[in-house]
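The structure appears below as structure tokens.
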Amino acid sequence: MVKLNEEAPTFKTQCYHCNEFKEINLEDYKGKFVVLFFYPADFTFVCPTELEDMAENYEKMQSMGVEVLSVSTDTHFVHLAWHNDSPRIGKIKFPMLADPTHDISKAYDVLRDGQGVADRATFVSDPEGLVKAIGITDEPIGRNAEELVRKIEALQFARKNPGLACPAKWTPGKDTLKPGKDLVGKL
């Protein structure tokens, strides 16, 4: 089971990225924040809306030093076909990882029992490869990339400012908290 503040399980796999098939090694992303964005399957319903949303926020994430890696149990060949077939998926510039062996989905404990597909799960790891955020939603519930951007902004702020915490709905420039006995019962 993947836990917060533990090392993200590493892997190597094939991907479709920028009209090429490549091997991806998670180790190659050390030194960056990484979003692993698991989704159930290509050519489905909620998944393309989430991936389009992520594609529309990818440039912002890259400007923050974040790499996005989407993962499904489909092959890299299916990713290519979907990318070429769907205008929504055609917007994607980040690597689309293949997990047909289910090894990655199992390592992150998001493989649905008896179904052969991954849950809608998001894992954010820091530049050292430690998992800093985990989110998993049920099948009919799509995610929001803007909220993910906000969470990463908060993670990056907290990393640069030890001892400070970001309250609910925090955005850059807003007030933070300094946890301690002086705040007990005051919020």
Review point. What do you reckon, is residue 95 in contact with a His (Cβ under 6 Å, 6 or more places away or on another chain) and more than 16 Å from residue 110 (Cβ to Cβ)?
Key: yes
**Study point:** All strands (runs of 3 or more DSSP E) inside segment 10-64 with 1 or more residues being touching a residue at least 60 places away in the same chain (Cβ under 8 Å) and touching a helix residue (DSSP H, G or I) at 6+ places or on another chain (Cβ under 8 Å)
**Key:** 12-17, 33-38
Practice item. Check 139, 153, 147 and return the single one that is modelled with pLDDT under 95 and of a type outside the set (A, V, I, L, M, F, W, C). Key: 139
Study note, to complete from the structure: Log entry, pairs with first residue in segment 66-85 being touching a residue at least 60 places away in the same chain (Cβ under 8 Å) and among the hydrophobic types (A, V, I, L, M, F, W, C), second being part of a loop (DSSP other than H, G, I, E, B) and surrounded by fewer than 18 Cβ atoms within 10 Å (Cβ to Cβ), beta carbons closer than 9 Å, six or more apart or on different chains, reads 66/32; 80/19
Review point. Taking residue 84, is it outside any loop (DSSP other than H, G, I, E, B), among the polar types (S, T, N, Q) and crowded, with 16+ Cβ neighbours inside 10 Å?
Key: no
Practice item. Answer yes or no: is there a residue in segment 134-148 that is outside any strand (DSSP E or B) and of a type in the set (Ser, Thr, Tyr). Key: no
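The values are calculated or read from the model by the stated rules, or taken from the named source; none is laboratory data. Every value quoted in this text rests on a predicted model; they were computed, and no experiment measured them. Glycine also receives a Cβ, built like all others from the backbone with ideal geometry; neighbour counts cover every protein chain displayed.
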